[in-house]
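Trainee: First the structure, then my questions, so here it is.
The values are calculated or read from the model by the stated rules, or taken from the named source; none is laboratory data. In this text, all values refer to a predicted model and were calculated from it rather than measured experimentally. Neighbour counts are summed over all protein chains in view; Cβ atoms, including those assigned to glycine, are modelled from backbone coordinates with ideal geometry. Accessible surface areas use protein heavy atoms only, side chains included; no ligands, DNA or RNA. Shrake-Rupley method; radii C 1.70, N 1.55, O 1.52, S 1.80 Å.
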Amino acid sequence: MAERIYPGDSPPSSGEHSNPKPAPPSSDKPIPQPGTYVVQIPKDQVYRVPPPENARRYAHLSKCKSSRSTCCRCCCCLLTTILSLLLAAAIAAAVIYFVLKPEAPNYSVESVAIKGFNLTSPSPLSPEFDVTVRADNGNDKIGIYYEKGSSVNVYYQDVNLSNGALPVFYQPTNNVTLFETALKGSGIELTAASLRSISNDQNKGTVPFTLKLRAPVKIKAGSVKTWKITVKVTCKITVDKLTAASKIVSKDCDYGVDLW
C-alpha cells in the first residue's frame, strides 16, 4: 500500500506509521523557503544599475572618462601636426642645402695700427686700434647684408680697451671685402700687474690681444632674404709693438652664428 506524504514538515497523525526517510545531503546553496521562486537569467541579459547613493558618483566618473578621451584625441592631433611640420621643415632645409650649397664665410684680421699707449704715464690710457678685417664670401648663390647694430671690441686679458662698429654694406656672391674700422677707448686704467705684463710683452715683441666681432646679417638667396642672423667672430692676434707701425705676429679666428 502506498504511503501518504504530507506537505511541509507536519508529522503523520497518531496511529499511522511511516518509515523514516534519510535527510537529504547538505548543500552550500541556500534552500529557498516554501512559497518562494528562483528565477535564473543569463548573465548577458543582466543590466547593472547603480544604487541611488552611488548614482551621482557614477555620473561623475562617466563624465571624467569622456573628458579624458577628448583630451587624448586633442593631444594626438597636436602631436601629429607638430611632427608633420618638423618633417616638412627638415625636407625644405635639405632641399635648400643641396640647391644652394651654402658655405660659411671666412674672416681674418689683416692689419692693426695702434695708438694711445703711453705705459710710462700715470694717466688713464686712451688706446686706439685701426683694424682691417677681411671677409671672404665664397658662395655662388648667397649674398650677405651687414646690418646696423654691429660691435667690435679689443681686449687685453680681460680688460676692454676699445670698441667700435662695422660699416653697413652688402657683400655679393664670390666676393672678398676688406673693411676698416676705428676702435677707440678712453679712461682705461690698468692695474699695476697688467701694466707690468703688457710692458714685458712689448719688450719680447709679442703682445696678445683678443678681438671680438658681432654683426647682425641677412642672407640673400635669389630674391629671398632671411631674418637677422648674428655672426660671431673671435680672433686671437699677437702684435710686435704698440705703435701705428705694429705688425701681426700671429692670428687665429673662430667663427660662429646665432640663428635667432
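Trainee: On the Cα set of region 106-258, report Rg and Dmax in Å, please.
Mentor: Rg then Dmax for region 106-258, in Å: 17.0, 57.
Trainee: Here's something else I'd like to know. How large is the convex hull of the Cα atoms of region 95-168 per residue, expressed in Å³ as a whole number?
Mentor: Value for region 95-168: 128 Å³ per residue.
Trainee: Something else about it: How many nm separate the modelled label positions at Ser197 and Ile82, each set 7 Å beyond the Cα in the direction of the Cβ?
Mentor: About 4.7 nm, to one decimal.
Trainee: Which whole-Hz ³J(HN,Hα) couplings does region 235-249 yield from phi under the Karplus relation 6.51 cos²θ - 1.76 cosθ + 1.60, θ = phi - 60°, glycine and proline marked x?
Mentor: 10, 9, 10, 10, 10, 8, 7, 9, 9, 5, 9, 5, 10, 7, 8
Trainee: Out of the total accessible area of region 172-260 (probe 1.4 Å, heavy atoms of protein only), what percent is carbon and sulfur?
Mentor: Heavy-atom surface of region 172-260 belonging to carbon and sulfur, 1.4 Å probe: 52 percent.
Trainee: Label points 7 Å out from Cα along the Cβ direction at Val159 and Thr238: separation in nm?
Mentor: Roughly 2.0 nm, to one decimal.
Trainee: Pulled fully out, how much extra length does the chain show between Asp254 and Lys141, if you take 0.36 nm times their separation in residues and subtract their Cα-Cα distance?
Mentor: 38.3 nm
Trainee: Under a crude label model (7 Å from the Cα following the beta-carbon direction), how far is Val224 from Asn118 in nanometres?
Mentor: 5.8 nm
Trainee: If you don't mind, there's one more thing I want to ask. Quick check for you: with a 1.4 Å probe and neighbouring chains kept, what is the accessible area per residue of region 106-258, in Å²? Intermediate results must be reported in sequence, preceding the final value.
Mentor: Values: 7790 Å² over 153 residues.
With the other protein chains kept in place, region 106-258 gives 51 Å² per residue.
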